[in-house]
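Heads up: the structure comes next, in structure tokens.
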Amino acid sequence: MKCCRGRLFTRWRRVFLFAVTVHAAWFRQWEGKPGRFFRERQVCFGERTGWRAVFGAGMLHEWRREGNTMIKLVDVEKTYYSKAGDIEALKKTNIEVREGEIFGIIGLSGAGKSTLIRCINMLEVPTGGKVFVDGEELTSMNEAQLRKARQNIGMIFQHFNLLASRTVYDNVAFPLEIQGMPREQISRRVAELLDMVQLKERADYYPSQLSGGQKQRVGIARALASNPKVLLSDEATSALDPQTTKSILQLLRDINKRLNLTIVMITHQMEVVKEICDRVAVIENGLIIEEGSVYKVFTEPQKETTKEFVKTVNDIKIPPIIDTASMKQAYFPGSRLLVNLTFLDSGDAEEGKEKSAGADQPLVSAIIKKFGVDVNILSGKVDYLKDMPYGTLLVELIGDEKSIAESVRYAKDAGVKVEVIGYVG
Ligand SMILES: Nc1ncnc2c1ncn2[C@@H]1O[C@H](COP(=O)(O)OP(=O)(O)OP(=O)(O)O)[C@@H](O)[C@H]1O
Ligand SMILES: [Mg+2]
């Protein structure tokens, strides 16, 4: 209740400050009060109504601005200063994470991922720029305000960071004890959290008696103890085997849906991004080099690093019977064109998505009939980008140069992603 009142007060304070700012701007612009501004335009209401209009506009703006942005980084920079030399770990970074989404940040080792995520909760203080979480500017807060704001931001780590001398129960209870929550309330909350991460039976175990996956579940329960709106995950699955990784990702997806929790996932595994993220940013040498919906980044990677990441989960395996040594990029008599076709579910069009030919459209038979081209299917599979199914077909197009070119154009026009690999003999 105390916390709600605090938040309400902060919100109203912001609205009030905004209204004052807007009015000051109007005052400068029209050298008069808003009442006068409206009067001059023969709007029939009194001076007070002008003030109310300003106040209303301020509130509307505030409401819209908060709409659904949960995290906003504006020109955030981080330089580590040392005698050995300064390291610019983060260069002017701008990111906006929407409420309730799972946002991935992928990059190679040393790219600046941990620095970036630690700037979000100010474990690292940026050397430049501003950080906003849930509409509050963290970069302008004092220590006490930060401690309070951090209750809204949970964090999980690659090596779990559990307290070895405390049981599972005590680890999860720890942040609540620090907040000064009464014992019975802590007991209820911890039981609830352990139930959520399916570790009720292990409450009295010590971290050393748990598997990696179980330790991370404890980490997740502890991170969620104070009911945060944001969960930051720094390589939380990197120390786990593929099976356990899947189960932890599934748990994070469930929590994201159930609690409308905003999650930022730092990772160097494209598999993680593909499995649970809605949008992704690629970081390299402290710079965001590419950003967009997972669909867009996955199907149309622009930068070399991004292409390499996509390859790790979507590499086209050309069967050994194909003589790739003689492959050419131009047609030669008697050659076949090797292409990889990607079909996406056309149902859920979103940012950056083209309307795509779904599995219901007989593309292959249409190409055969329309252009007299033979299609030899070499391999095919169905995969998922989060919940969105997509299929890939590796085929050879056999025919004359013109018919092959027309077939490729036809497939592209139908919304199929066509990756031309080359002509083989
Ligand atoms: N406390 C520090 N003092 C000095 N330099 C640092 C510090 N922390 C990180 N760096 C440097 O900043 C750069 C980015 O490091 P960061 O830990 O953010 O990378 P990362 O992408 O998380 O890498 P990894 O995948 O290996 O965890 C690196 O060059 C690193 O050496
Ligand atoms: Mg790191």
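The values are calculated or read from the model by the stated rules, or taken from the named source; none is laboratory data. Please read these numbers as outputs of a predicted model, since none were measured by experiment. Heads up, the Cβs are rebuilt from the backbone with ideal geometry, glycines too, and the neighbour counts pull from every protein chain shown.
A few notes on this one:
- The set of residues from segment 89-113 being surrounded by 19 or more Cβ atoms within 10 Å (Cβ to Cβ) and among the hydroxyl-bearing types (Ser, Thr, Tyr) comprises just one member, Thr93.
- Among residues of segment 229-253 that are touching a residue at least 12 places away in the same chain (Cβ under 8 Å) and in a strand (DSSP E or B), those with a beta-carbon under 7 Å from a residue that is of a type outside the set (A, V, I, L, M) and within 16 Å of ligand 1 (Cβ to nearest atom) at least six positions away or on a different chain give the pairs Leu232/Asn121; Asp234/Ser114; Asp234/Phe157; Asp234/Gln158.
- Count of residues meeting criterion [acidic (Asp, Glu), within 25 Å of the chain's Cα centre (by Cα) and part of a helix (DSSP H, G or I)] in segment 135-187: 0
- Tally of residues being touching a residue at least 40 places away in the same chain (Cβ under 8 Å), surrounded by fewer than 17 Cβ atoms within 10 Å (Cβ to Cβ) and of a type in the set (D, E, K, R) across segment 129-145: 1
- Remark: Glu96 falls outside the filter, which requires a residue to be more than 21 Å from the chain's Cα centre (by Cα), assigned to a strand (DSSP E or B), within 30 Å of Glu271 (Cα to Cα) and at pLDDT 95 or above.
- Among the residues making up segment 99-125, those that are in a loop (DSSP other than H, G, I, E, B) and either of a type in the set (Gly, Ala, Ser) or more than 16 Å from ligand 2 (Cβ to nearest atom) (or both) are Glu99, Gly100, Glu101, Ser109, Gly110, Ala111, Gly112, Met122, Val125.
- Within segment 193-219, residues that are touching a residue at least 60 places away in the same chain (Cβ under 8 Å) have Cβ atoms under 9 Å from residues that are assigned to a helix (DSSP H, G or I) and β-branched (Val, Ile, Thr) in these pairs: Gln216/Thr244; Gln216/Ile248, counting only partners at least 6 apart in sequence or on another chain.
- Scanning segment 386-404 for residues that are over 25 Å from the mean Cα position of the chain (by Cα) and either touching a residue at least 12 places away in the same chain (Cβ under 8 Å) or under 30 Å from Glu101 (Cα atoms) (or both) gives Leu393, Leu394, Val395, Glu396, Leu397, Ile398, Gly399, Glu401, Ser403, Ile404.
- Consider segment 221-247 and keep the residues that are away from ligand 1 (no atom under 16 Å from the Cβ) and closer than 17 Å to Phe103 by Cβ. The one that is surrounded by the fewest Cβ atoms within 10 Å (Cβ to Cβ) is Lys229.
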